[in-house]
1. Is it the case that segment 55-66 has a residue that's surrounded by 15 or more Cβ atoms within 10 Å (Cβ to Cβ) and outside any strand (DSSP E or B)?
2. Name the residue, out of 54, 68, that is closer than 27 Å to residue 14 by Cβ and in contact (Cβ under 8 Å) with a residue 60 or more places away in the chain.
3. Give me a count of the residues in segment 46-60 that are at pLDDT 95 or above and of a type in the set (Ser, Thr, Tyr).
4. I'm told residue 63 meets every condition in (1) in contact with a Gly (Cβ under 9 Å, 6 or more places away or on another chain); (2) hydrophobic (A, V, I, L, M, F, W, C); (3) modelled with pLDDT under 90 except one. Can you identify the failing condition by its number?
5. Would you say residue 46 is within 21 Å of residue 20 (Cα to Cα) and either touching a residue at least 24 places away in the same chain (Cβ under 8 Å) or surrounded by 14 or more Cβ atoms within 10 Å (Cβ to Cβ) (or both)?
6. How many residues does segment 1-23 hold that are among the polar types (S, T, N, Q) and at pLDDT below 70?
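The values are calculated or read from the model by the stated rules, or taken from the named source; none is laboratory data. As the structure is a computational prediction, the values presented were derived from the model and not from experiment. Backbone-built Cβ (ideal geometry, glycine too); neighbour counts: all protein chains shown.
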Amino acid sequence: MPGAFYDSWQFEGANKFHQKFRETILWIGWNPEMFPRRYKHFRRVIIRRSNFAVFYVIEPDVVTVVAVLDMRRNPRKIHSILRTRRRR
C-alpha cells in the first residue's frame with residue numbers, strides 16, 4: 001500500500017498521499033484523454049510529488065483504473081503487470 005510507505009518516513013504521509021491520489025483521480029475524471037497512452041491502450045498519470053502512477057483505460061461508458069504502481073520498478077515488470085490486466 002503506497003500510503004503505508006509514505007507514513008513510514010513522513011508525518012501524516014498516508015493522508016497526504018491519499019489526497020494526491022484523489023486529486024489525480026479528479027483530473028482523470030475531468031479529462032481522461034489528457035494523459036498519454038503507455039503500454040498499448042493503458043494511459044498513465046503520475047501522482048504529483050510521488051513515485052507512483054495510476055494506469056487506466058478509457059472504455060465506452062466508463063474510465064477504469066487498472067493499477068497504481070511504483071514507477072521505480074523495472075519497466076518490464078510494469079509491462080508484465082499491465083499485460084495481466086488487459087481489456088476484455
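1. No: zero hits.
2. Details: 54 fails: in contact (Cβ under 8 Å) with a residue 60 or more places away in the chain.
The match here is 68.
3. Counting residues in segment 46-60 that are at pLDDT 95 or above and of a type in the set (Ser, Thr, Tyr) gives 1.
4. For residue 63, the failing item is (3).
5. Details: within 21 Å of residue 20 (Cα to Cα): yes; either touching a residue at least 24 places away in the same chain (Cβ under 8 Å) or surrounded by 14 or more Cβ atoms within 10 Å (Cβ to Cβ) (or both): yes.
Considered against the rule, which asks whether it is within 21 Å of residue 20 (Cα to Cα) and either touching a residue at least 24 places away in the same chain (Cβ under 8 Å) or surrounded by 14 or more Cβ atoms within 10 Å (Cβ to Cβ) (or both), residue 46 comes out as yes.
6. Step one: of segment 1-23, the residues among the polar types (S, T, N, Q) are 8, 10, 15, 19.
Within this subset, residues satisfying the condition of being at pLDDT below 70 are 8, 10.
Going through segment 1-23 one residue at a time, the tally reaches 2.
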